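Visitor: Input: one structure, supplied below.
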Amino acid sequence: MQQQLIQMLHEAAESDLFATIVNAPFQFQVDAALMFLGIIVLLLADSKSKQIYRVALTNNDMAEAAKKVSVKKFQDIVIPTNSRKNLIAQVIRNGRPAMTTDWKDLFIPSLTPAQSRINQANAGIASSAVYPLTGMDCGGALIFSYYQYIDKISAKTKKFMESYVQGVSDELSKHPALCESYLVNLELAPGNLRRPKK
């Protein structure tokens, strides 16, 4: 599966790369089911605005269930890169993966703990792993969310995450303009208030 995933990333059109990253593993339905994998999220960090943006989300029923109850739209959930409490910010800063069973760690301060847990409950997620993306001009991370608790996630699943994150990092590093243009477009989009005023 790993070699096939890397090939899918490599063959994806640049305009489809972000979506391919969060959806490709689910093309292997048996493997994804055996890992109890539910949702993948791609995030990019902007060094200029010092914010972390949610860029792409798996296109499945579980992700849609979380989006329906969220008080904020997916791409409006923005995290400061210097947040000491947010696990994603910590992982991007220190370069080490981490896991949690509580989505408040992934959404604070953009959502309250209660709002975060409602999203998690609606998606049916038991635990999430955050892995940093490396070798890119901009920082970033992948979140893998599972229907299993941390103590049930196998060494094979952890190996999958390590390998896939490396493949995603390698592929994104070949498209530096793609990440930069996405972040620039956030600033240029009409009515976009996510970037702080200069």
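Visitor: Output the residues belonging to region 29-53 that are open to solvent by less than 20 Å² (accessible area, probe 1.4 Å) and free of Cβ contacts under 8 Å to residues at least 24 places away in the same chain.
Guide: The one that is open to solvent by less than 20 Å² (accessible area, probe 1.4 Å) and free of Cβ contacts under 8 Å to residues at least 24 places away in the same chain: Ala32.
Visitor: Cβ-Cβ under 8 Å, sequence separation 6+ or interchain: first residue in region 136-152 and part of a helix (DSSP H, G or I), partner modelled with pLDDT of 95 or more. Which pairs?
Guide: Listed by first residue and then by second, the contacts come to Ile150/Met99; Ile150/Thr101; Ile150/Ser127; Lys152/Phe36.
Visitor: Another one. Within region 154-198, count every residue that is β-branched (Val, Ile, Thr) and modelled with pLDDT under 95.
Guide: 1
Visitor: Would you mention how many residues in region 117-148 are under 23 Å from Ile92 (Cβ atoms) and exposed (fewer than 15 other Cβ atoms within 10 Å of the Cβ)?
Guide: Number satisfying all stated conditions: 2.
Visitor: A further question on this structure: When residues of region 8-26 are filtered for being in a helix (DSSP H, G or I), without any contact (Cβ under 8 Å) to a residue 24 or more places away in the chain and open to solvent by 40 Å² or more (accessible area, probe 1.4 Å), how many remain?
Guide: Residues that pass the stated criteria total 4.
Visitor: Moving on. Can you name the number of the only condition in (1) modelled with pLDDT of 95 or more; (2) exposed (fewer than 15 other Cβ atoms within 10 Å of the Cβ); (3) closer than 30 Å to Gln3 by Cβ that Ala114 fails?
Guide: Evaluating Ala114 over (1) modelled with pLDDT of 95 or more; (2) exposed (fewer than 15 other Cβ atoms within 10 Å of the Cβ); (3) closer than 30 Å to Gln3 by Cβ leaves (3) as the failure.
Visitor: Asp151 - would you say it is within 23 Å of Lys50 (Cα to Cα) and surrounded by fewer than 20 Cβ atoms within 10 Å (Cβ to Cβ)?
Guide: no
Visitor: Then there is this: As an exercise: evaluate Glu64 against (1) open to solvent by 40 Å² or more (accessible area, probe 1.4 Å); (2) touching a residue at least 40 places away in the same chain (Cβ under 8 Å); (3) within 16 Å of Gly38 (Cβ to Cβ); (4) assigned to a helix (DSSP H, G or I) and give the number of the one condition it does not meet.
Guide: (2)
The values are calculated or read from the model by the stated rules, or taken from the named source; none is laboratory data. Only a predicted model underlies this, so the values are computations on that prediction, with no experimental measurement involved. Heads up, the Cβs are rebuilt from the backbone with ideal geometry, glycines too, and the neighbour counts pull from every protein chain shown. In case anyone asks, the SASA skips ligands and DNA or RNA and just uses the protein heavy atoms, side chains included. Shrake-Rupley method; radii C 1.70, N 1.55, O 1.52, S 1.80 Å.
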